[in-house]
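The values are calculated or read from the model by the stated rules, or taken from the named source; none is laboratory data. Being a predicted model, the structure only gives us computed values, none of them experimental. Quick reminder, even Gly has a Cβ in these numbers, built from the backbone with ideal geometry, and neighbours come from all protein chains shown.
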Amino acid sequence: MIFSVSNELKSKLALSFPMSIFLNSLEDFYLAQKEVINSKKLLVVEFNSIQDLIFIKNIKKAHPSLQVILYYQKGDVSLTTLLNSSITLPFLKSAGDSAFIKYLLSLQSLKNTSKNLNLNEYNRSLEKGLKTVKLSSMEFNLLSLLIERKGRVVQRETIMDEIWSYNSMASTKTLDVHIYKLRKILKQEFDLDPIVTYPKLGYMFTTTN
């Protein structure tokens, strides 16, 4: 799931979703590399202008499996335009932001990691069976990123950019510390060691360890 929404809605969604999945603009996603778009299954767009529909149409043309939810105000878009667009689900703002966020959480409340683990985005925890372990926001965001791209090496630079946005206060040492904490949680709490290090390159969440 990835979002292209206003700052006002973003501030509400950020209480339940990691910052790494918010776009600066829909155009950024449209211009992104094919691998980036293919890694996403659901695009959530808050209507801003007709240009959004053009971007969505072109994105869907190249990536037909991508699902798109449009959050819009009645009168913004005509029914005919919606029917002829590439929108999977139009969601009216009249239902309210709370209802919209609740719906989105229901779509991605549990993310299966293929190790009988579930990453719960509602309360930012890691679950297996009846066991639940609460994660810090940074641990959750980092693990979520690795799981989204499981089976693929995620470069250190990519992680730093998406999780910390190259914050001057963060360093690769900060990343190493958080990876260490995640490994400790996974090993001690679930007896799993799924994070593989590729020296000087990055990390991969594997389904075989």
Is it true that K93 is touching a strand residue (DSSP E or B) at 6+ places or on another chain (Cβ under 8 Å) and either within 16 Å of L9 (Cβ to Cβ) or hydrophobic (A, V, I, L, M, F, W, C) (or both)? yes
Here are some conditions: (1) within 30 Å of I179 (Cβ to Cβ); (2) modelled with pLDDT under 80; (3) assigned by TED's automatic domain parsing to the domain that holds S20. E121 meets all but one. Which one does it not meet? (3)
Only one of S98, S78 that is under 21 Å from L15 (Cα atoms), without any contact (Cβ under 8 Å) to a residue 12 or more places away in the chain, of a type in the set (S, T, N, Q) and exposed (fewer than 13 other Cβ atoms within 10 Å of the Cβ): S98
Name the residue, out of D176, D191, that is modelled with pLDDT of 85 or more, on the phi > 0 side of the Ramachandran plot and loosely packed, with under 15 Cβ neighbours inside 10 Å. D191
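When you check D161 against the structure, is it at pLDDT 85 or above, surrounded by fewer than 17 Cβ atoms within 10 Å (Cβ to Cβ) and acidic (D, E), yes or no?
Working: at pLDDT 85 or above: no; surrounded by fewer than 17 Cβ atoms within 10 Å (Cβ to Cβ): yes; acidic (D, E): yes.
So D161 does not fit the description; no.
For the range 194-205, which positions are surrounded by fewer than 17 Cβ atoms within 10 Å (Cβ to Cβ) and in contact with a strand residue (DSSP E or B) (Cβ under 7 Å, 6 or more places away or on another chain)? First the steps, then the outcome.
Taking the range 194-205 first, the residues surrounded by fewer than 17 Cβ atoms within 10 Å (Cβ to Cβ) are 196-201.
Across the range 194-205, the qualifying residues are V196, T197, Y198, L201.
Is it the case that K61 is basic (K, R), at pLDDT 90 or above and farther than 18 Å from L145 by Cβ?
Details: basic (K, R): yes; at pLDDT 90 or above: no; farther than 18 Å from L145 by Cβ: yes.
Criteria not met by K61.
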